[in-house]
Structure formats: C-alpha cells, structure tokens
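Below: one structure, written as structure tokens.
The values are calculated or read from the model by the stated rules, or taken from the named source; none is laboratory data. Since the structure is predicted, the reported quantities are computational estimates derived from the model, not experimental observations. Here the Cβ positions follow ideal geometry from the backbone for every residue, glycine too, while neighbour counts run over all protein chains shown. Ligands, DNA and RNA are excluded from the accessible area calculation, which covers all protein heavy atoms including side chains. Shrake-Rupley method; radii C 1.70, N 1.55, O 1.52, S 1.80 Å.
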Amino acid sequence: MAIFRTRAQRWAYLQRNPEKIADLKAYYRDHIPDFICEWGLTYNPRIAGSGRPAWMPFVFFPKQRELAEWLIDRWQRQLPGLVAKSPDQGASWVAIAVSISLCIFNRDIAIGFGSATQVKLESAGDLNSIFQKGRMFIQYLPGPFRGGCNLKTDAPEKRILFPETASSITGEVGDRIGHGGRSSIYIVDEAAHIEHPQLMHSGTSANADCRIFMSSLSLDGMENDFAVQRHSGRFGDDGIFTLHYRDNPLF
C-alpha cells in the first residue's frame, strides 16, 4: 500500500535525521489531524476475514477531519458540545485518537472518558471498547511519538499515562461519570444510553468546562436525555456536530 511505503520512507528519514523530530513534534502540536493521518492506524471489523487487512492507515474522510478539528476547537475555547453520530462511522476512533494526540503534544492535559457500561469503555481484547482502541492506536505509533507511554506500565485498566508530558486519559462508568476530579476535556460516549443522566450532568459540569456528549441516535426518539439536550438550544449553532453515514464517501 502506497501510504505504508510513504510512512516507512518518512520514518527512515527521521531515523537518519533525529534532530528533525523535535521540529515535527512542534508542528504536530498545532496540527493534530495531520499527525493522526500521517502516523495513525485504525481498525475496520467489517473487512476482517475478507482477505484485505482490517488494520489500515487512519486517513480521515472529510467529515471525520471536520470532527477532529471541531473537538480541538471546543477544547481550545473550553466549550461543551454534542456529537450525533451514525454507527460505525469512526466517531469514537476520532475522539480517542484526538485525545491521545493532545496528550502526546501538550503538557498537563487530563482527559476523561465516560460510558454507560464497562464493556463499552474497557474490555480486554475488544476493539469496540474505547481504551482498547486507544492502546492499539499508541502501539502502532513510532516510539518518539508516544509521549513516553509504555503500554505495559502506563496503560492499566481505564487509564493511559504519558510520562513525557505529564498528561493522562482516565475512564469512568455509569453513575461515576465525571465524579473523578477535574479534566481538560470530558467525553461521554453513547450518552443516550446513560441510565441516570442527571448524575452524569452534575458530575461532568463540576469536572470540566469542555464536555462532549457523543451518541448514536436512539430508537426511542426524544425519549432520552441525549435527544432532549440536542434539541434544547443550549449548545448553540456551532456546538452540535453531526456525523451521518451519508458523510462517508464509501457509502
């Protein structure tokens, strides 16, 4: 695959010219989507077993890149937001890749992730779980671009630590969402399925100014807190991001 050949050539150049790595890190700090698309991998379970590799370069389609830029903008402006997503369009992959990249290139970042269930947040070997996605994303990054993270020692259950930047990602489940301290960003995945949304809101509002609520649309229409929040007007015109399957050029 041409993209892998290009990456191999780029990495070989950096190995011959290690003094260039610091300049590249400085560039990526302000261009997070470029870092993800130039080095990241993602996993597509739909093609596993088809004879094609299920692991592939994480090259955003245009709407995914917009989502990455939108998430970074909400963090920079310290504003809440809501992501309404179709299933299997990579929104969770974008969220964890952006979060990891922010931690790699910025000091003292604390990012929280919440989910309704343990299995969605953290399940060993299950790439549908957020933290397993994150560990695999880090595993395939070149060593200088991991923020010092050693997956054997710095990625215990529901945590990923980045010693070089003193940044971290931590996770909480169910009624504990948002009650673990203070964060630079707090992301709640599948927010429509949170059993006690009032506890989630009280916890996250005390935890972070930049709170991102993500969910696929629920079959019960407006009969859930996520739908109510989406149509409440509290997020403003630029505070709601929609990632629909029709945004994917492969559909």
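What to note about this one:
- Computed in the context of the full set of protein chains, the accessible area of the range 150-251 at 1.4 Å probe radius has 51% of its extent on carbon or sulfur.
- Accessible area ranking (1.4 Å probe, heavy atoms, ligands and nucleic acids excluded), largest first, for 228, 188: 228, 188.
- Using a Förster distance of 51 Å, the FRET efficiency for residue 29-residue 195 (Cβ separation, nearest 0.05): 0.85
- Normalised convex hull volume, the range 102-251, alpha-carbon set, Å³ per residue: 142
- Extension gain for the segment residue 245 to residue 15, taken as residue separation times 0.36 nm less the Cα-Cα distance, is 78.9 nm to one decimal.
- Here the Karplus relation 6.51 cos²θ - 1.76 cosθ + 1.60, evaluated at θ = phi - 60°, turns the backbone of the range 163-178 into coupling constants of x, 5, 10, 6, 9, 7, 10, 10, x, 9, 10, x, 5, 8, 4, x Hz, with x for every Gly and Pro.
- Gain on full stretching of the segment that runs from residue 78 to residue 123 - 0.36 nm per residue minus C-alpha separation: 13.2 nm
- The heavy atoms of residue 72 offer some 20 square angstrom of accessible surface to a 1.4 angstrom probe.
- Residue-span extension gain [residue 56 to residue 234] - 0.36 nm each, minus C-alpha spacing: 60.3 nm
- Of (1) 23.5; (2) 18.6; (3) 19.9, the label for Kirkwood radius over Cα pairs in Å derived from the coordinates: (2)
- For residue 82, distant residues with modelled amide H under 5 Å away: 213, 240, 241
- Lysine-lysine proximity count for the range 57-154, Cα under 19 Å, sequence distance 8 or more or distinct chains: 5
- The tail of the calculated P(r) for the range 1-84 beyond 21 Å holds 46 percent of all Cα-Cα pairs.
- Nonpolar atom fraction for the range 58-128, defined as the carbon and sulfur part of the 1.4 Å probe accessible area, stands at 51 percent.
- A 1.4 Å probe run over the protein chains yields, for the chain, 47 Å² of accessible area per residue, whole-number rounding.
- Solvent exposure of residue 199, expressed as accessible area, is near 60 Å², computed with a probe of 1.4 Å over the protein chains only.
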